[in-house]
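Written below as structure tokens is the structure these notes are about.
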Amino acid sequence: MFQKVSLFAGLDSEQLIALQAHALLKSYPRNTIIISQGDATDSLYIIESGRVKIYINDDDGREFILGTLEQGDYFGELALFDRGVRSASVMTLDACRFWVISSIDFLNWVDGRSEILMNIIKGLVKRIRLLDEDIANLALLDVYGRVARFLIQRAELIDQRLVVERFTHQEIANMIGASREMVTRIIKDLRQGGYIELEGRRIILKGRLPTNW
């Protein structure tokens, strides 16, 4: 499992076995809050199976999803170096299993392994750039533009079709800063226009989406 995690790129099997000896495998059911915004925790989580969402709530309880993570992804890396409270919450979207490593064990193990520190820095830079893009799109794109960008960015080629999998209209709305009703209306119009098809929670892109709605 660890050899599939980008954080550990460049390590040999012996090093990975040594690291995994410090990790605990934990299981959680769907819709379990793993980390709450404001918590003081100090562990790194590596996703063995399932999906999670990373989100924040405003003072009125409204939710904004920063992203979703799946098998091979990781979260909690800031806690390895910073004793501050968690800046976002994490909830399981499916039944999940995580490898959990405490900051003390990880930092003891990583001592002298500069390649791991560089991988952490690269991962943080990538996430910062994605957040910058999200902020720019919230400011510059209308709701249709955000929906279209969401679909295009998350489409994967499966059986010769472009497929966006496993997102509800509410989840899409929470990720792009819009209402569920508006997302539903746009999805309906795209379907009626022949641009997409729906298969349960899957969205199939049939061609180039229109530039305007």
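Give, as residue ranges, the strands (runs of 3 or more DSSP E) completely inside segment 1-66 that count at least 3 residues that are free of Cβ contacts under 8 Å to residues at least 60 places away in the same chain.
Qualifying strands (runs of 3 or more DSSP E): 43-49, 52-57.
Can you go through Asp73, Asp12 and tell me which one is surrounded by fewer than 15 Cβ atoms within 10 Å (Cβ to Cβ) and either farther than 24 Å from Ile172 by Cα or assigned by TED's automatic domain parsing to the domain that holds Val110 (or both)? Explain how you work it out, then say what you get.
Numbers: Asp73 fails: surrounded by fewer than 15 Cβ atoms within 10 Å (Cβ to Cβ).
Criteria check complete, one pass: Asp12.
Answer with yes or no whether Ile152 is surrounded by 15 or more Cβ atoms within 10 Å (Cβ to Cβ) and among the hydrophobic types (A, V, I, L, M, F, W, C).
Working: surrounded by 15 or more Cβ atoms within 10 Å (Cβ to Cβ): no; among the hydrophobic types (A, V, I, L, M, F, W, C): yes.
When the stated conditions are applied, Ile152 does not pass them.
Only one residue in Phe81, Phe106 is aromatic (Phe, Trp, Tyr) and surrounded by 17 or more Cβ atoms within 10 Å (Cβ to Cβ), so which one is that? So that I can check it myself, show each step before the final result.
Working: Phe81 fails: surrounded by 17 or more Cβ atoms within 10 Å (Cβ to Cβ).
The match here is Phe106.
Looking only at segment 118-131, which residues are among the hydrophobic types (A, V, I, L, M, F, W, C) and exposed (fewer than 15 other Cβ atoms within 10 Å of the Cβ)?
From segment 118-131, those among the hydrophobic types (A, V, I, L, M, F, W, C) are 118, 120-121, 124-125, 128, 130-131; that's our starting set.
Met118, Ile121, Leu124, Val125, Ile128, Leu130, Leu131, listed by residue number.
The values are calculated or read from the model by the stated rules, or taken from the named source; none is laboratory data. Everything numeric here is computed off the predicted structure, so don't read it as measured data. A quick note on method: Cβ atoms are made from the backbone with ideal geometry, for glycine too, and the neighbour counts reach across all protein chains shown.
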